[in-house]
1. Are any of the residues in segment 272-285 within 26 Å of Thr164 (Cβ to Cβ) and in the same structural domain as Asp108 (by TED's automatic domain parsing)?
2. Anything in segment 149-186 that is hydrophobic (A, V, I, L, M, F, W, C) and farther than 21 Å from Thr239 by Cα? List them, or say none.
3. Pick from segment 246-268 the residues that are of a type in the set (Val, Ile, Thr) and touching a Gly at 6+ places or on another chain (Cβ under 9 Å): which of them is nearest to Ala299 (Cα to Cα)?
4. Give the number of residues within segment 83-103 that are under 14 Å from Val37 (Cβ atoms) and either buried (at least 24 other Cβ atoms within 10 Å of the Cβ) or outside the structural domain of Leu264 (by TED's automatic domain parsing) (or both).
5. Restricting to segment 274-297, what's the tally of residues that are within 26 Å of Asn31 (Cβ to Cβ) and surrounded by 16 or more Cβ atoms within 10 Å (Cβ to Cβ)?
6. Count, please, the residues in segment 104-132 that happen to be outside any strand (DSSP E or B) and either crowded, with 24+ Cβ neighbours inside 10 Å or in contact (Cβ under 8 Å) with a residue 12 or more places away in the chain (or both).
7. Where in segment 196-292 are there strands (runs of 3 or more DSSP E), lying fully within it, with 2 or more residues that are of a type in the set (A, V, I, L, M) and at positive phi?
8. Within segment 163-175, does at least one residue satisfy the condition of being surrounded by fewer than 17 Cβ atoms within 10 Å (Cβ to Cβ) and either without any contact (Cβ under 8 Å) to a residue 24 or more places away in the chain or not in a helix (DSSP H, G or I) (or both)?
Amino acid sequence: MLTKRQALIAFAGAAAGLAVSGAAWAQSYPNKPIRLVVPFPPGGPTDVMARLIAQRLSSTLGSVILENKAGAGGTIGTKAVAAAEPDGYNLLFGGTSTLAINPAVYKDLRYDPVTSFAPVAMVSTSPFVLVVHPSVPVHSVGELVGYAKANPGKVNFGSAGVGTTPHLAGELFKSLTGVDVVHVPYKGGGPVLTDLVAGQIQMTFELTAVLLPLIRAGKLRALAVATEERNPDLPEVPTMIESGVPGCLVSSWFGIVGPAGMPLHVIDRLNLEINRGLRSAEIVASLAQLGSQPKIGTAQEFATLIATEAQRWRSVAKSTAIAVN
């Protein structure tokens with residue numbers, strides 16, 4: 001029978017062995033190529049951003065293979081990762097649409113943004129801005145609300161389609177201000193801007209980077225940025241908070257998740273390397289060109305964001321009866 005001292009020595013030895021084993025396990029990851037799924041076609045801003053991160057991770061972790069798995073508003077690639085092996089070798093470049101809005105508007109999605117994934121790290125955020133055609137006789141959000149209430153049903157807002165971020169942003173604005181503005185869905189963002197510049201529709205919410213050239217050219221008038229702080233690209237434009245609509249905060253955010261059940265040491269390693277990359281001047285500059293800012297944080301902070309955003313957009317979709325089959 002072991003004495004108390006012998007038992008303590010044995011326990012300490014076992015603990016040390018486990019620590020060494022755990023450290024070795026962590027150091028062994030990765031030992032094969034990592035697959036990073038982008039649920040959208042190649043060439044778009046999401047794809048470009050994902051490639052920046054994949055290249056950075058490849059330089060520190062080894063081979064990271066980017067796979068474009070597009071279709072059904074990003075749900076096909078997202079579902080594929082949710083069902084993949086949670087070993088750290090199957091990752092998703094997800095964002096607002098796939099992890100918050102799609103779960104709110106799509107029927108029978110077969111993945112849950114909170115329970116189906118293990119958040120790894122947030123990557124970036126891109127702000128939205130509310131703009132109107134210059135012919136609309138308003139220069140502030142307050143004036144727009146007053147004008148819309150005085151002309152119910154005569155102000156139209158365009159979006160890239162039912163269930164898209166601009167659509168839900170417009171519905172959120174309606175619910176918070178009580179205005180009666182009419183949604184006009186288009187097949188993509190390009191036609192929205194064409195008709196908005198032509199004066200066929202009166203307003204929209206869209207990414208600041210997309211609208212900035214048109215705002216600077218005087219073809220559109222920016223009323224407010226849908227962020228907590230003013231945008232350095234539009235320093236003269238107030239925030240929604242300053243404009244009296246504090247709940248109307250809309251941004252397009254991106255981050256990396258894996259299937260639920262990923263080992264904690266893998267999540268920690270990936271989070272560390274992603275955050276290191278986001279601090280590099282090269283990635284900061286590249287994201288700025290895309291109208292985005294790096295967002296450094298923990299996996300838990302990203303998990304909180306996903307849960308909060310999913311619930312918020314679920315509430316908007318439910319209250320406005322928005323659904324996509």
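The values are calculated or read from the model by the stated rules, or taken from the named source; none is laboratory data. Source: prediction; values computed, not measured. Methodologically, a virtual Cβ is constructed for each residue, glycine included, from the backbone with ideal geometry; neighbour enumeration extends over all protein chains shown.
1. Just the residues of segment 272-285 that are within 26 Å of Thr164 (Cβ to Cβ), to begin with: none.
No, segment 272-285 contains no residue that is within 26 Å of Thr164 (Cβ to Cβ) and in the same structural domain as Asp108 (by TED's automatic domain parsing).
2. Let us first name the residues in segment 149-186 that are hydrophobic (A, V, I, L, M, F, W, C), namely 150, 155, 157, 160, 162, 168-169, 172-173, 176, 179, 181-182, 184.
If the condition is that a residue be hydrophobic (A, V, I, L, M, F, W, C) and farther than 21 Å from Thr239 by Cα, then Ala150, Val155, Ala160, Val162, Val182, Val184 are the ones that fit.
3. Residues of segment 246-268 of a type in the set (Val, Ile, Thr): 250, 256-257, 266-267.
From what's left, touching a Gly at 6+ places or on another chain (Cβ under 9 Å): 256-257, 266-267.
On the way: Ile256: 9, Val257: 9, Val266: 11, Ile267: 8 Å.
The extreme case among them is Ile267.
4. Total satisfying the criteria: 7.
5. Within segment 274-297, residues that are within 26 Å of Asn31 (Cβ to Cβ) and surrounded by 16 or more Cβ atoms within 10 Å (Cβ to Cβ) number 5.
6. Here is the first cut: in segment 104-132, the ones outside any strand (DSSP E or B) are 104-105, 107-116.
Add one more test, that the residue is either crowded, with 24+ Cβ neighbours inside 10 Å or in contact (Cβ under 8 Å) with a residue 12 or more places away in the chain (or both), and what stays is 104-105, 107, 109-111, 113-116.
Number satisfying all stated conditions: 10.
7. Values: elements: 203-207, 221-225, 251-259.
Correct list: empty, since no element meets the threshold.
8. Residues of segment 163-175 that are surrounded by fewer than 17 Cβ atoms within 10 Å (Cβ to Cβ), as a first pass: 175.
Now drop any that are not either without any contact (Cβ under 8 Å) to a residue 24 or more places away in the chain or not in a helix (DSSP H, G or I) (or both), which leaves none.
No, segment 163-175 has no match at all.
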